[in-house]
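Trainee: Before we start, here is the structure in question, set down as structure tokens.
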Amino acid sequence: QLRHRRWAELAEQPGSGTLGSRRGKMPIFSNQLFDYNFGYLPPAAQTTTFNITYDDLRPAAASAKRQHGGEARASAPSKRGRASTTPVDVTAINTIRLLSADMVQAANSGHPGAPMGCAPMAHALWAHIMTYNPENPKWINRDRFVLSNGHACALLYSLLHLAGFDLSLDDLKSFRSLGSKCPGHPENFHTPGVEVTTGPLGQGLSMAVGMALASAQAGATYNKDGFDLLNSHVFVICGDGCLQEGVTSEASSLAGHLGLGRLIVMWDDNKVTIDGSTDLSFTEDVLARYASYGWDTLHVPNG
């Protein structure tokens, strides 16, 4: 059955600020990060040790696990629409935030804001919704995740490490350095678990439309009544910059026209661009535009 690794045994030792191996321990934050937490967490006297497993993060995971490889996937209860957030979820989200920020701080280069802002929805996807197998990253019926705003790649590397892909803590430490498995933008031929290379804004979302189209075509070809051999989803996180690009308008219009219902996009509407507020150049009603394409839209306050 599909196995997810532990998200964490967090913190090597209280107050040590050291980092462990992928299969061993990992930090919730290091000491130097208490003054570099962007206001998300209050200062603390010492690091706290947690022990979190995947089943803690999704109590009903056992009933939702699916077969992989060459066998058919069993139908699983949907985890969408989960209304509450547990203390374990909060701990996991803050772990993702600070691990991502620590990578940027260590490299003295990169983008910490987007990973910290997108951590809640990324955690919801990877811990509660997506189906994947870190032991077999190329499993054909996996859900695909596309980080369209590729400059936020510290988020993706943190998720891959925590989910048990072949990305060690030492790899995270080498973020944005020559020869690293964690380059400054995601590269699908370079890092296990990265589906597509993203960086130019809009490229990822547009490629995700193509991936969803290919998946729909494969399902129409090979699925039979009562036997959905191929039924994966494509999930996208994108930012304001992606939706300002013309190529995403064309691709999203096609997705709406074709009714690609297994394509799900999360827009990080943080209203910030490199030049300042998005109001300087981008004031359109994006949800109304996507509704006109034929998409179902939903606004999530404080998402």
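The values are calculated or read from the model by the stated rules, or taken from the named source; none is laboratory data. For clarity, every value in this text was computed on a predicted model and none was experimentally measured. Here Cβ is always computed from backbone atoms with ideal geometry, including for glycine, and neighbour counts include all displayed protein chains. Ligands, DNA and RNA are stripped out before the accessible areas are found, and what is left, the full protein with its side chains, is counted by its heavy atoms. Shrake-Rupley method; radii C 1.70, N 1.55, O 1.52, S 1.80 Å.
Trainee: Put 280, 162 in order of accessible area, largest first, 1.4 Å probe: what do you get?
Mentor: Working: 280 125, 162 5 Å².
Heavy-atom accessible area, descending, gives 280, 162.
Trainee: Hey, another quick one. Take the Cα gyration tensor of the stretch 145-203, multiply each eigenvalue by 5, square-root it, and list the three semi-axes largest first, rounded to whole angstrom. Before the final figure, lay out the partial values.
Mentor: Values: eigenvalues 58, 30, 17 Å².
Three semi-axes, in Å: 17, 12, 9.
Trainee: Quick check: pseudo-label points 7 Å beyond the Cα along Cα→Cβ at residue 177 and residue 135, how many nm apart are they?
Mentor: 3.2
Trainee: Calculate the spin-label point distance for residue 85 paired with residue 188, positioning each point 7 Å from the Cα along the beta-carbon direction, and give it in nanometres.
Mentor: The two pseudo-label positions are separated by 3.1 nm.
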